[in-house]
Amino acid sequence: MAVTQKYKTLPEFKNHEQIIELNDPDSGLAGFISIHKCFPPYPSFGATRMAFYKHKTDALRDALRLSALMSFKSIMAQLPYGGAKAAIIHPYLKMNRLQKQKLLTAYAKKVDELKGQFITGADLGINEKDLTIIKKVSPYIVGLKSEPVPYTALGLFYGLEVVLEEVFGKKSLSGKSFAIQGVGKIGGSFLKLIYRQATKIFVADTDKVTLMEIKKQYPKVTIVSPQDIFVQNADIFSPCALGGALNSETIKKIKSKIILGGANNQLAAEKIGVELYSKGILYAPDYVINAGGLISVTDEYENPVFNKQRLEKKVKKIAETLKEIITVSKKQHKATNLIADEMAEAKLKKTYEQQTAIARV
């Protein structure tokens with residue numbers, strides 16, 4: 001299915017292979033499924049999110065940006081799958097159970113029409129109950145057998161050991177301080193892994209209920225405002241909220257020597273990564289370091305029986321990839337985000353060329 005010309009003019013368009021518009025007025029379904037790359041016979045993976053987009057184009061741009069990110073994430077995690085993403089426009093200020101069920105059922109039918117080319121799971125605005133509704137209509141759902149979030153956090157932890165050794169000479173968290181922006185699912189899971197070893201942890205979140213729960217469970221954390229999380233004297237700054245947290249203004253405030261977190265699209269622009277590098281801050285590229293969740297759901301897709309040891313071994317490869325990026329960055333004197341992008345693009349090109357060669361035989 002060819003991509004129409006109007007989509008190609010958007011800055012987020014990166015030679016995407018398919019863009020499927022979601023439009024079902026009866027259920028309120030509106031949005032897009034974006035497939036960046038597909039390498040048959042393998043499907044493309046990408047979670048589904050539902051958010052209050054102001055305009056239809058905002059949902060499209062989000063889907064385009066995140067699907068391309070998923071291709072980079074997959075290839076750098078040594079997986080054979082292309083990247084995809086679905087962005088659904090939240091149709092109501094408040095949506096009751098029946099309304100949401102109707103919308104999700106309509107969406108599931110669209111997913112099913114792709115006949116397994118697109119495999120999806122839960123992202124922002126979609127929970128496990130929602131996945132169960134979708135699964136009743138379409139089998140192309142992952143994330144119900146194994147919870148991907150703890151493995152996203154585990155990948156962060158394995159990567160953390162790499163950057164700590166690089167900057168401080170040892171992997172130990174002892175004596176180290178953290179500033180975690182966003183303590184929802186991923187940020188909260190990462191906090192759980194570092195809590196006992198870290199000396200000081202600052203946290204911030206826009207959800208006051210979440211903060212109350214975090215303080216109750218982890219009493220030693222220090223809660224600060226979302227604005228003040230950037231200025232804390234912390235060794236590691238961890239963006240685990242929405243994308244774009246690292247911009248020309250916020251990086252002026254950050255005093256950390258390391259930036260490593262679970263959010264997608266952390267850099268507001270490519271040049272931000274270069275600026276971090278020039279400031280001597282080691283940045284762990286987001287799509288490399290937070291690939292644990294994707295590794296988890298692809299493992300679920302590939303294997304009928306869950307095996308914790310097998311999965312953890314796969315997630316641990318994130319540390320190897322990050323170490324390689326840092327090594328090349330030092331050798332070429334270039335920012336880690338640029339090195340990661342170059343490596344991902346080269347790997348995607350090679351995979352495409354191999355696929356084309358096979359198709360010609």
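Any read-out appearing in this document is the output of simple, stated calculations on the displayed coordinates, not a laboratory observation. Note that this is a predicted model, so its numbers are computed, not measured. Methodologically, a virtual Cβ is constructed for each residue, glycine included, from the backbone with ideal geometry; neighbour enumeration extends over all protein chains shown.
Here are the numbers:
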| item | result |
| --- | --- |
| Lys331 paired with Thr4, simple spin-label distance in nm, labels 7 Å along Cα-to-beta-carbon | 4.6 |
| Segment 133-278: equivalent-ellipsoid semi-axes (sqrt of 5 x gyration tensor eigenvalues, Cα, Å) | 25, 19, 17 |
| C-alpha center-to-center spacing [segment 136-208, segment 1-49] in angstrom | 30 |
| Vicinal HN-Hα couplings computed from phi for segment 58-73 (Karplus, 6.51 cos²θ - 1.76 cosθ + 1.60; Hz; Gly/Pro x) | 5, 5, 4, 5, 5, 5, 5, 4, 6, 5, 5, 4, 5, 5, 5, 4 |
| More than 22 Å apart - percent of Cα-Cα pairs taken over segment 1-100 | 31 |
| Ranked packing of 113-122, 194-203, most packed first, by mean Cβ within 10 Å | 113-122, 194-203 |
| Shape box of segment 56-110 [Cα atoms, principal axes, largest first, Å] | 40, 22, 17 |
| Cα gyration tensor shape for segment 164-219, rounded if a/c is under 1.5, else prolate or oblate | prolate |
| Equivalent ellipsoid semi-axes - Cα gyration tensor, the chain, angstrom | 32, 25, 20 |
| Folded to 0 to 90 degrees: helix 317-332 orientation relative to the chain principal axis, Cα | 70 |
| Long pairs among Lys6/Lys145; Lys170/Lys200; Lys85/Lys279; Lys271/Lys331; Lys170/Lys314; Lys100/Lys253, criterion Cα-Cα beyond 29 Å | Lys6/Lys145; Lys85/Lys279; Lys100/Lys253 |
| Segments 286-299, 38-51 sorted - mean Cβ within 10 Å per residue, highest first | 286-299, 38-51 |
| Calculated diffusion of segment 283-361, Stokes-Einstein form, Kirkwood radius summed over Cα pairs, 25 °C and 0.890 mPa s, µm²/s | 170 |
| When segment 171-254 is reduced to its Cα atoms, the Kirkwood hydrodynamic radius in Å | 12.8 |
| Kirkwood Rh in Å, taken over all unlike Cα pairs in segment 203-330 | 16.4 |
| Over segment 66-173: Rg over Rh, Cα atoms, Kirkwood Rh | 1.09 |
| Cα point-scatterer Debye curve for segment 119-176, base-10 log of I(q)/I(0) at q = 0.15, 0.19 Å⁻¹ | -0.58, -0.70 |
| Ellipsoid equivalent to segment 246-290 - semi-axes via the Cα gyration tensor, in Å | 15, 11, 9 |
